[in-house]
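Read the structure below first, then the notes.
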Amino acid sequence: MLVAFDFDGTLSDSEMTVLLGNQNGTAEDMADITERAMNDEIEYAESLRQRCALLEDLPDEKAQAAFGEVALRPGAARVIEALRDAGVYVAILTGGFERGVEAALEAEGVEVDAIVANRLLVEDGKLTGEVRGPLISGTKDDAMEVVTAVTGEDRETTVAVGDGANDLPMLEVANLAIGFDPKPAVEPSCDTTVETMDELYDLLEAEQIL
């Protein structure tokens, strides 16, 4: 059994690019671009590049401070722990940044089996405004394909949990697609939806995944 989570907007209500933007006064621009991307008004890869370009010359120590503010939603750590205790392979597939995901998990003392995320390039102690990683123009169905191949899991035993337009590829290929308070453009592709981590826990229990 494999459960793949989105991060920003799902496991966390932090929006990493906005937290980073708070460090150099571009948070409002970040939020506008993010909203357009999540509603499928602008191509995700383009939106990510635009947001990262706004971070050019941000000192890396300020970036690290922003990543330190990334937090899991209430109840998310409990869901992750319960899944792993049940022998489920837990993956996080996010267009967000590895350092932020790792900081949030570490703060709660939980681990997952795999993190597929992007990273911001740093040169001379400052962000270059460029981004690298598998989920810039790569899509989450491809990432799930890789993870299922690595784990030997069958597609019939996959669950995806997400909220935004860039989660659609993994929601559409998963056996069970769970929308976490999904955007209107995303909800039709979900088998079911939840609003809180406690609801998600109960649903996973009802589906005999926990």
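A count restricted to the range 185-208 and to residues that are open to solvent by less than 80 Å² (accessible area, probe 1.4 Å), assigned to a helix (DSSP H, G or I) and touching a residue at least 40 places away in the same chain (Cβ under 8 Å) stands at 4.
How many of the residues in the range 120-135 are in contact (Cβ under 8 Å) with a residue 60 or more places away in the chain and either assigned to a strand (DSSP E or B) or crowded, with 17+ Cβ neighbours inside 10 Å (or both)?
Taking the range 120-135 first, the residues in contact (Cβ under 8 Å) with a residue 60 or more places away in the chain are 120, 122, 125-131.
Keeping just the survivors that are either assigned to a strand (DSSP E or B) or crowded, with 17+ Cβ neighbours inside 10 Å (or both) gives 120, 122, 126-131.
Total meeting the criteria: 8.
Kindly check whether there is at least one residue in the range 109-119 that is open to solvent by 10 Å² or more (accessible area, probe 1.4 Å), basic (Lys, Arg), closer than 29 Å to residue 158 by Cβ and modelled with pLDDT of 95 or more. So far as the range 109-119 goes, yes, one or more of its residues are open to solvent by 10 Å² or more (accessible area, probe 1.4 Å), basic (Lys, Arg), closer than 29 Å to residue 158 by Cβ and modelled with pLDDT of 95 or more.
Residues in the range 140-184 that are free of Cβ contacts under 8 Å to residues at least 40 places away in the same chain and among the small types (Gly, Ala, Ser): 149, 152, 177, 179.
Yes or no, residue by residue, for (1) in a loop (DSSP other than H, G, I, E, B); (2) more than 15 Å from the chain's Cα centre (by Cα); (3) of a type in the set (Gly, Ala, Ser):
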residue	(1), (2), (3)
141	no, no, no
148	no, yes, no
160	no, no, yes
166	no, no, no
183	yes, no, no
210	yes, yes, no
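Out of all the residues in the range 153-176, is one or more of a type in the set (Asp, Glu), surrounded by fewer than 20 Cβ atoms within 10 Å (Cβ to Cβ) and in contact with a Ser or Thr (Cβ under 6 Å, 6 or more places away or on another chain)? There is at least one residue in the range 153-176 that is of a type in the set (Asp, Glu), surrounded by fewer than 20 Cβ atoms within 10 Å (Cβ to Cβ) and in contact with a Ser or Thr (Cβ under 6 Å, 6 or more places away or on another chain). Among all positions in the range 45-54, there is no residue which is over 16 Å from residue 118 (Cβ atoms) and either free of Cβ contacts under 8 Å to residues at least 60 places away in the same chain or within 13 Å of the chain's Cα centre (by Cα) (or both). Going through the range 24-35 one residue at a time, which ones are open to solvent by 50 Å² or more (accessible area, probe 1.4 Å) and more than 17 Å from the chain's Cα centre (by Cα)? Within the range 24-35, 24, 25, 28, 29, 32 qualify. Of all residues in the range 142-152, which are among the β-branched types (Val, Ile, Thr) and either open to solvent by 20 Å² or more (accessible area, probe 1.4 Å) or touching a Pro at 6+ places or on another chain (Cβ under 9 Å) (or both)? Once the filter is applied, which keeps residues that are among the β-branched types (Val, Ile, Thr) and either open to solvent by 20 Å² or more (accessible area, probe 1.4 Å) or touching a Pro at 6+ places or on another chain (Cβ under 9 Å) (or both), the range 142-152 yields 146, 150, 151.
The values are calculated or read from the model by the stated rules, or taken from the named source; none is laboratory data. Fair warning: this is a prediction, and the values are worked out from it, not measured in the lab. Note that each Cβ is placed from the backbone with ideal geometry, even for glycine, and that neighbours are counted across all protein chains shown. Accessible surface is based on the protein model in full, side chains and every heavy atom, while ligands, DNA and RNA are left aside. Shrake-Rupley method; radii C 1.70, N 1.55, O 1.52, S 1.80 Å.
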